Structure formats: structure tokens, C-alpha cells
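These notes concern the structure reproduced below.
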Amino acid sequence: MHNKTTSVFYLGALAAFSLLTFDLFQPSLPTITTYFHTWYAISQLTLSLYCFSFGLAQLIWGPLIDYYGRKKSLALSFWIFLLATLICIFSINIELLLLGRIIQGFSVCCANVVAFSSARDLEDENERTKLLSYLLTIIAISPIFAPLLGSIVHVQYGWRAVFVLMGLIGFLLLLLANYFLYESPYWVQQKGNSVSSSALDKYGEVVSHRRIWIGTIIITATFTCMLLMVLNAPYLMIEKMSFSPVVFSLLFAINGFVLIASNLAGIQLRKKYSIAWNFNLGSFLMIFGSVAMLYLFYLRGLTLFTLSLTFFISFGLNLVSPPALSYALTDYREDAGTATALINTIRTIVATVFAVLISILVLRNVAFLAVGFLICSALCWLFTLFCKD
């Protein structure tokens, strides 16, 4: 068993890549709607279908990573991603663009599974949680710079250039994998069983543990809150409040700083207080932000101050999410890729469906955004009560 571990910075880059390809594209949504003469709800599918494909494909990539190893699986996924990016660049209608985004979501999720399943290489739960917090801190950089970078590229060179940038970043990460990515110390080359039978055996083992289901519900609730912010921010701030894409990007970047601060704060708080204490604080902040936002929507309507209450939700969910994921992965050494894939699949699909439904309601009344936050925050608090062990 080798002792080499992949650099946290490269793992962070892999984890952030899926969000980067999401955030870079956000400022282009209004232009995409006009360019293809379609409705905003249709162009918004370039985000939601990406998320849906991203979530479902992890059921495939997880067993492939455990069977063939990280290096081969990641290389294949990046080549598929580059093909999908070319489809997006040369799209002549919204349907072709949607196809490209679906394939992008399918391929890019492999990088995410590789990054987060690598945390299981660490046996100590506190160290594993710390690594996950660092990964989420790196990921949080994306909402700060990606929308701004995407808006600058969009304004200067057009929306197709945004996909060119995605392709270049993907190709760079593919090249760097040869130098910075290592296999799991528990991984061995599979012999005998086919990948399909091996996958079925692994999923049968993974679903038999109680902790993965409790952790998955908590993670899904926190991720849904994040997705509600991302899906509705362009509509509320650009369409409803008439901010330019650049101003929107600058305002949205503030949430990224909150995510970084909350992850770093979580690392320090877990040194001094128990995981249960952190769960309680995080859940309280999420519920407080949701209730206060709902109240202000009815009192004042849509304002920047009302939307700023998402900072409480962002801070709270990052106190809860890393230890919840570490808790969910506790029982898996050799099957970390499969376990991570199952968690992320359930998380992404459930979150996408719920967030899309809430987003449709937000088009009618913006207060439904706070309702969605409150439902997720309450679920998060309820299931953290079961994490006694």
C-alpha cells in the first residue's frame, strides 16, 4: 500500500471544476434567452439539466473509479467533457446547447467523485472532516471569481467564448492529473468480476449502512439551499432588480467570501466544540436566515437586504455539510468512490428537482425562495439529531 496522497490543491481544483462550469455560464443566461429566441425558463434548463445529468452519472462513475482506478476514469471523463464543450460552442439552437450541457454534466461529475472520495484515504475522522472543509473552501472561490470572469469574457467576446474557457481549463486539469493525482492506498486492480457485477455488489454493500442515509439527507438539504441560491440569483438580480451582469457577479461574489469564512470557521469550531454542537449552530443559522427572509419578503418585498439573509444560510450549511459527509463515508474504505457517487447522485437529483420546482414558484412569488430554504433547513436540523454516534 503506497503512502502518497493527492495534493489538496489539485483535489480542490477537481472539486471546484464542476461548480466552475456552472458559475462561468450564469451571467450569459439572459443573452442566451434572447439569442435563441426562447423563454427564460427554457434557457434556465442549461443549468438544471446540467445538475440532473451531473447527479445521475455519478452512479456510473463511482464504480468505474473503484474498478479501473482514478487516473483512467478521470482521463476518460475529461475527453468526454471536451467533446461536450465543442457541442456547446458550435450550438445552432437551444436544443443542441442543452444536449451539450447534459453531456458536460455527465462527464464533469467524475472529477467531483474523485475529489471527495479521496477524503476517505484518511482514517482519522477529524482529519477527514478537515480535508473536506478545505475542499469546500477552495470550491467557494468559484462563486467569487467565476461569474465575474464569465461576465467579462461574455461581454468582451460573447457567450461562446465562455465555453472555450471551460474547455481550456478542463484540458489543463487533464494534463496535471499525470503529475498530481494518485490512486487510493486501498485500491487494487480488479480481476475476475466484470465492472457491472462488481458495481452491483458494491452498491449492495453500500446501501446496507445506516449512517450513509442519515448523512445523505443532511447533505442533500444543505446542497438544495446552495442550488436555490445559484438558480434564482441571476433571475432575481439581473431580471427583476435590473443589475448588469458585472454588478451581479460582484454582488454574488460576496456569498463566496461567506462560504470561505464559514468553512475556515468550521475547522476552528470543531477543534473546540463537539460535532453535535456544530450541527446545532449550523442548523439554527439556516433556520434563522430562512424565517427572517420570509418575513422580510412579505414586509418589504425583494430588496438586497432581504437577499443578504442568505449569508446566514450559507454560513450555517458549511458548519453542517463537511462533518455530515465525513459521517456518511465512515464505513467505506475500498468502496469510497461508489459511496460518494451514491451520496452525490441522491443529493444532486433530489436537490435539482426540488430547486427547479421552487424556482418555478419563485417566478410567481419571490417569497417561495424563503419557503424552500426553510423546508431544507428544518430537514437538516431534524436529521442531525440522529448523528449521536
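Only the coordinates and a few stated rules stand behind these numbers; no lab work does. The model shown is predicted, which means the values in this text are computed figures rather than measured ones. All Cβ positions, glycine included, derive from the backbone under ideal geometry; neighbour counts span all protein chains shown.
Points to keep in mind about this one:
- Taking 7 Å steps out from each Cα toward its Cβ at S242 and F90 produces label points 4.2 nm apart.
- Its DSSP H runs of at least 4 residues, each contributing -39,500 (n - 2.57), put the calculated 222 nm mean residue ellipticity of the chain at -27000 deg cm²/dmol, to the nearest 500.
- Restricting attention to the chain, lysine pairs at least eight places apart or on different chains and with alpha-carbon atoms under 22 angstrom apart total 13.
- Between D201 and A75, the FRET efficiency from the beta-carbon distance, with R0 = 25 Å, is close to 0.50.
- Shown for L181, L99: other C-beta atoms within 10 Å of each C-beta, ranked fewest to most, produce the order L99, L181.
- Once you reduce the range 221-240 and the range 101-173 to the center of their Cα atoms, the two points are 18 Å from each other.
- Using every pair of distinct Cα positions in the range 1-125, the Kirkwood expression returns a hydrodynamic radius of 15.5 angstrom.
- Sorted by Cβ density within 10 Å, fewest first, the residues E95, E205: E95, E205
- Alpha-carbon centroids, the range 297-349 and the range 57-75: separation in whole Å: 24
- Modelled this way, with points 7 Å down the Cα-to-C-beta line, the labels at F145 and L361 are 3.7 nm from one another.
- Cα pair distances exceeding 14 angstrom across the range 1-75, given as percent: 73
- Distance in nm between pseudo-label sites at A378 and Y157 (7 Å out along the Cβ direction from Cα): 4.8
- The ranking of F368, F22 by Cβ neighbour count inside 10 Å, starting from the fewest, reads F368, F22.
- Gyration tensor (alpha-carbon) shape descriptor, the range 72-124, a/c threshold 1.5: prolate
- For the range 229-337, diffusion coefficient by Stokes-Einstein and Kirkwood Rh (Cα), 25 °C, 0.890 mPa s, µm²/s: 158
- The I254 and F180 beta-carbon pair, evaluated with R₀ = 35 Å, returns a calculated FRET efficiency of approximately 0.65.
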